[in-house]
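Down below is the structure, laid out as structure tokens.
The values are calculated or read from the model by the stated rules, or taken from the named source; none is laboratory data. What you see is a predicted model, and the numbers here were worked out from it, not measured in a lab. Every residue, glycine as well, gets a Cβ built from its backbone with ideal geometry; the counts of neighbours run over all protein chains shown. Side chains are part of the model used for accessible areas, which takes the heavy atoms of the whole protein and leaves out ligands, DNA and RNA. Shrake-Rupley method; radii C 1.70, N 1.55, O 1.52, S 1.80 Å.
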Amino acid sequence: MYIATVIPFQKGPQKEYLSYFSPNEIPVGTIVSIPVRKKEVDAIVINIEKATDIKSEIKNADFQLRKISQIKGDSPFNKSFFIACQKMKNYTVSNTGTIIKAMFPTVFIENISKLEKTKQVEQIDISENIRQEKLIFQATKADRLAFYRTLIREAFAKKESIFICVPTRYDADNFQKELYKGIEQYVFTFHSDLTKKSLIENYNACLLETHPIVIIGTGMFLSIPRNDIKTIILENESSEAYKQISRPYLDIRSFTEVLSSIQKIKLIFGDTLLRPETLYRHDQGEFGEVSSPIYRISQAENEEIIDMKEETDERGKKTFKIIATKTKEMIDDAIGQGKSVFLFSTRRGLAPITVCNDCGSTLLCPSCQTPIVLYGSKQLTANKSTSPRIFMCNKCGRKQDTEISCPTCSSWNLNPLGIGTDKVYEEVKNLYPKTKIFQIDKETTPTQKDARETIMAFNRNPGSILVGTEMAFYYLRDEVYVSAIISLDGLFSIPNFNITQKILHIIEKLHNITTKKLIIQTRNRDNKILENIKNGNVLSLCREDLAERKSFGYPPFKRLIKITFEGSARDTEKARNFIEELLGIYDPQIFSAFVSKVRGQYITNTVIKIDHDIWPLPTDDKKQVNEILRRNLAQLSPNFSINVDPEDLL
């Protein structure tokens, strides 16, 4: 009899290693099925010993050994992928099996017997003398594609393959369409929406092809054991889709960087506008560059900014409107020609702005000039509050009492406004009762199937109008004639410290899908972001954003760790006290979530801001997270979730 030590592949809190017995010796690296409680779980064997060699340990164990249920086959991923998962376990405060579960497609585990085995032996060079090349490439999409075509030809000449990592299936389809001409038989696309049969066929074709290849896929497919891959391109590097939204909240960009550092292969970060964290690391000399980064917004000449404070009614009196007069004229023209229209808005219920009914000014934060948000009873903590409504800035966190007057005209006649997709849809329906109008957002189209069907119906009906959020960008493949941002000011109220970059990317994406004209509606025309966008050059804006991040202690100057607790009012109070005691030396900031109560449970967030040397990305063996802090975080109960490098704080 043999005793096997295995790492189970499952999400959620669990032990790193489990032990099982087997009547036969099983090679290390074999994938097996094991019983865990009342279900079967896949696992990888990492050690095997004869039972006779560890008799005393077995006898003294406080648990009964169970038998391995099934031997599935050899591991379908290579050693470097496994090491990357091991390294990321401490960084994310999880375990190796959880990382593998998050980063390896289940379909391959379930069909191991149908997968080809790699014929190439992976060589991991651990020499410290070999320095990995990491490059940024901030340029227009057209320029990036032209460079990638050249890079692919050069790689093929050197008998090397390339992996282009993309955030979504739509990016995968788009890049495949742009790059496959002339090399069709050597380009393979992977994403989770492909059928099981297609994924297995593509996997096997990748391993059987003797010629160098290009793999275009989402991060889940970085595990494909093609050992001649010498370059990974992280495309659309700024996309929030790279950050997983459930435990272990893995950032695929971080995983990719760790994986490429183990393999010591070239890594290119590509986007029209890279994340501030990436650009800062380039400025610090950590990354090289393909070419000097370009800070220009394309097609800025095709946009018009509308000051909504100047809108008037039929009598010429200033009035509040959802659709500006010029925006309506633009829509009229498009519909008259049978052309499509896209109206962008925030989702229902998100982040109202507050305006003065007398002078029309928007209330701004005194510290950072960002529109402030009125928080009501839904944002209260589990504790009783003496001030049920406050104004708060979602960028710098400054809070103000609601008993304030307009800073422009001193009026008390203030009015909170929220212009979400529902309001826009209703307004457009009233203005165009005979036009087909479609809506896409998290509430209206909650599933991928719903979203796809909505977009397909929109594309089948020329002269129709689509009202939607950022969600639309993941599904819109055809261009639209005209588009409009209905309330730019509402975007500033989104609780996200990345909001400046987020707005820039939304505008860039709208330009990319709009052929004729983009209108931006705002009640704050003098906003510095708008000034930079209109000029087409956002370099100074990016520098200002970095300066603000430094003053607030945001990335790239600090590492953020967000801890979220969900429980009753009583449990929440206990959790707050426990966190204060456990993490007190890190000055934890504890506050209610943006939506602070879900299904009767209170949601409370804690954020700690720490130096990077305390919690470094494990790109080499010398970079280890602080063990004391890691142990403290690891002892938190499953009611706490830990998110390292969160996209937002609220």
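Tabulated data
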quantity	calculated
Alpha carbon centroid spacing (whole Å) that separates the range 1-70 from the range 388-451	54
Distance in nm between pseudo-label sites at Lys181 and Arg631 (7 Å out along the Cβ direction from Cα)	6.1
Degrees, to the nearest 10: 421-431 long Cα axis against longest axis of the chain	40
Efficiency of FRET between Thr515 and Asp228 - r from beta-carbon atoms, R0 41 angstrom, step 0.05	0.50
0 to 90° range, to nearest 10: angle between helix 169-179 axis and the chain longest Cα axis	90
Beta bridge orientation in the range 480-624: antiparallel %, DSSP, nearest 5	75
Förster-model FRET efficiency, 35 Å R0, Arg296 and Lys114, C-beta, rounded to 0.05	0.10
The chain, helix-only ellipticity at 222 nm - DSSP H runs n ≥ 4, -39,500 (n - 2.57), divided by all residues, nearest 500	-9000 deg cm²/dmol
For the chain, size of Cβ-based charge dipole, Lys and Arg +1, Asp and Glu -1, in debye	1200
Protein-only accessible surface order, largest first, of Arg226, Arg389, Arg275, Arg477 at 1.4 Å	Arg477, Arg389, Arg275, Arg226
Sequence of Tyr148, Tyr2 from largest to smallest accessible area, 1.4 Å probe	Tyr2, Tyr148
By average C-beta atoms within 10 angstrom, highest first, the peptides 438-444, 88-94, 284-290	88-94, 438-444, 284-290
Fraction of accessible area attributable to carbon and sulfur, the range 385-500 (%, probe 1.4 Å)	48
Options Gln448, Leu541, Pro646, ranked by Cα towards positive dipole end of the chain, top entry (Cβ charges)	Gln448
Antiparallel DSSP beta bridges within the chain, as percent of all bridges there, nearest 5	55
Added length on full extension, which subtracts the Cα-Cα distance from 0.36 nm per residue, Ile245 to Thr5	83.4 nm
Theoretical FRET efficiency, 1/(1+(r/R0)^6), r = Cβ-Cβ of Lys534 and Asn204, R0 41 Å, to 0.05	0.20
Acute angle (nearest 10 degrees) that the helix 141-157 long axis makes with the longest principal axis of the chain, alpha-carbon atoms	20
Protection-proxy order for peptides 158-171, 614-627, each taking the mean of Cβ atoms within 10 Å per residue, highest first	158-171, 614-627
